[in-house]
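The values are calculated or read from the model by the stated rules, or taken from the named source; none is laboratory data. Treat the numbers as computed from the prediction; the structure is a model and nothing was measured. Glycine also receives a Cβ, built like all others from the backbone with ideal geometry; neighbour counts cover every protein chain displayed.
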Amino acid sequence: MRDPVGRNRLLSLKLTAGKILLTLFGLACGASIGREGPTVQVGASIMLQAARLGGMGRERGLILAGSAAGVAAAFNTPLAGIVFAIEEMGRSYEHRTNGLILSTVILAGIASVALLGNYSYFGVTNAGIDMLRAWPAVLACGIGGGIGGACFSRIVLAGTKWIRAFVLRRPNRNTMLVAALAGLVVAVLGIASHGATYGTGYEQARGALEGLPLDWTYAPMKLLATLVSTLSGIPGGIFAPSLSVGAGLGGALVPFFPAIPAGVVVVLGMAGYFSGVVQAPITAFVIIVEMTADHDMVIPLMVASVIGFGTSRLISPQPLYHTLAEHFIETARAASAPDTEAEQPEEDL
């Protein structure tokens, strides 16, 4: 959307405040969501409004920079923020925005470190292993993560269209019905998992990386909770929950690879599933390397991410974020289009 009115409607400071409050409320209620999705929109909104107040122009580049800063600040992963802006948000990257994105990410990183300290999101794993020994686990996590991520994406895309059509039939009643049903499913899953599926899944993912066993049921239950939370329409991201689902997938595969440290299989599962969901393999392995501070795993993570991406594209050719954005734009344009039939003369109807 290039028109100023449309951009301002989606990236206003009023919407930013509502996004933050509703995300916090959703997490407090136990929804399986993350903070990074709203943070991307919050960062982009702040940059766009700052550009307009200062008369800077270059709105697209500033939106990209704000998005990158949002990811960088959410996870303390500056490189992942830059790669996300290039690979997922920008697609056709403009060379002239190089310095803008880098400067914004650096400032976001400084602010994050000043407030929270210099930390690694998942701690330091030191789970490196020889690639020749790890390749069976890399293959299994890549293929398994790609299949799981593709199924999640396809259900989200199909479910979003169906729910939108269902709600339009009787907006007041059906909106409440969807919300109540989604809340009920999330609550039942939370009770069945003893609270493990609530929230971002950070504690479960970090525990799995540190060697604590995860029940094999965690991954499918967390996937379903994230799916229902996403379809409910509540603000929230899928980055953190997807990493948690991937950790559960890796944890379920640990018994099949007794010669490989559990942390290695878990982190490979995170890479394969996350790449399968977002279909952005470079972002996937960069963000996980930065989150775990384990640079010895770079090559295995790259391979698992690429395999997950390739497997996912075979099952779900449409990238999740871009397809959702296209559907949103189509709906917005249809809603704002004039009613041509109403403008016709009565005798022509």
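Summary of values
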quantity	calculated
Close pairs (6 angstrom Cβ cut-off, 6 or more residues apart or separate chains): assigned by TED's automatic domain parsing to the domain that holds SER45 and touching a residue at least 40 places away in the same chain (Cβ under 8 Å) in the stretch 60-71, of a type in the set (S, T, N, Q) and surrounded by fewer than 24 Cβ atoms within 10 Å (Cβ to Cβ) anywhere	GLY61/THR97
Residue count, the stretch 187-237 (criterion: within 16 Å of ALA31 (Cα to Cα) and assigned to a helix (DSSP H, G or I))	24
Those residues of the stretch 242-268 which are in a helix (DSSP H, G or I), of a type outside the set (A, V, I, L, M) and over 21 Å from GLU88 (Cβ atoms), in sequence order	GLY248, GLY250, GLY251, PRO255, PHE256, GLY263
Among the residues listed as LEU243, LEU224, the single one being touching a residue at least 40 places away in the same chain (Cβ under 8 Å), in contact with a helix residue (DSSP H, G or I) (Cβ under 9 Å, 6 or more places away or on another chain) and crowded, with 17+ Cβ neighbours inside 10 Å	LEU243
Test for ALA304: is it part of a helix (DSSP H, G or I), farther than 30 Å from ILE163 by Cα and among the small types (Gly, Ala, Ser)	yes
Residue ID - nearest to the chain's Cα centre (by Cα), chosen from residues in the stretch 230-248 that are under 24 Å from PRO281 (Cα atoms) and among the polar types (S, T, N, Q)	SER242
Single residue of ILE234, ILE288, ILE238 found to be of a type outside the set (Phe, Trp, Tyr), over 27 Å from ALA182 (Cβ atoms) and either crowded, with 24+ Cβ neighbours inside 10 Å or in contact (Cβ under 8 Å) with a residue 60 or more places away in the chain (or both)	ILE288
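Residues checked against (1) in contact with a Gly (Cβ under 8 Å, 6 or more places away or on another chain); (2) of a type in the set (Val, Ile, Thr):
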site	(1), (2)
GLN41	yes, no
ILE46	yes, yes
ALA50	no, no
LEU64	yes, no
